[in-house]
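The values are calculated or read from the model by the stated rules, or taken from the named source; none is laboratory data. Please read all numbers here as calculations on a predicted model, not as lab measurements. Cβ sites come from the backbone with ideal geometry, for glycine too, and all protein chains shown count toward neighbours.
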């Protein structure tokens with residue numbers, strides 16, 4: 001099994017972080033890994049994504065497996081390749097004292113092809129998750145800061 005994990009402390013309320021995580025239509029504005037995304041965050045919904053992978057861009061679809069507002073978003077890959085390499089990504093938010101949130105994202109790839117995925121895309125997946133986590137932190141903190149400094 002391939003397992004990649006990224007974590008960050010985000011200085012924003014869980015609701016703001018979750019709003020950024022589930023606004024797929026705006027992913028391309030802030031997420032360096034995603035070129036385009038469309039779909040709803042409802043459980044069972046399909047999210048179509050154009051993702052930067054290696055030197056190219058690949059279109060994939062994900063099915064939302066779990067949506068707990070302010071707490072968790074989990075999806076899995078769909079498509080023919082899942083019979084060989086099944087990928088699932090879980091994002092979790094845990095409130096911290098002071099209004100911050102602990103963010104954790106875990107990507108797991110299982111099946112007979114997980115070693116091939118690691119060999120072909122492991123470094124790209126690691127880099128993408130790291131960059132996406134940093135960008136999520138930046139976007140959510142900016143959003144929370146804008147809400148705090150808005151008109152009175």
- When region 46-62 is checked residue by residue, the ones that are in contact (Cβ under 8 Å) with a residue 12 or more places away in the chain and either out of contact with any strand residue (DSSP E or B) (no Cβ under 9 Å at 6 or more places or on another chain) or crowded, with 17+ Cβ neighbours inside 10 Å (or both) are 47, 49, 51, 52, 54, 62
- Which strands (runs of 3 or more DSSP E) sit wholly inside region 71-135 and have at least 3 residues that are in contact with a strand residue (DSSP E or B) (Cβ under 7 Å, 6 or more places away or on another chain), more than 15 Å from residue 6 (Cα to Cα) and at pLDDT 95 or above? 72-78, 86-95
- Taking region 63-82 and the residues there that are within 12 Å of the chain's Cα centre (by Cα) and under 16 Å from residue 48 (Cα atoms), the one that is surrounded by the most Cβ atoms within 10 Å (Cβ to Cβ) would be 75
- Query: Listed residues 85, 102, 40; which is farther than 26 Å from residue 122 by Cβ and surrounded by 13 or more Cβ atoms within 10 Å (Cβ to Cβ)?
  - Reply: 40
- Query: Residues in region 9-36 that are in a strand (DSSP E or B), buried (at least 17 other Cβ atoms within 10 Å of the Cβ) and more than 12 Å from the chain's Cα centre (by Cα): how many?
  - Reply: 1
- Query: Under the condition of being in contact with a helix residue (DSSP H, G or I) (Cβ under 8 Å, 6 or more places away or on another chain) and not in a strand (DSSP E or B), which residue from region 41-70 is nearest to residue 104 (Cα to Cα)?
  - Reply: 70
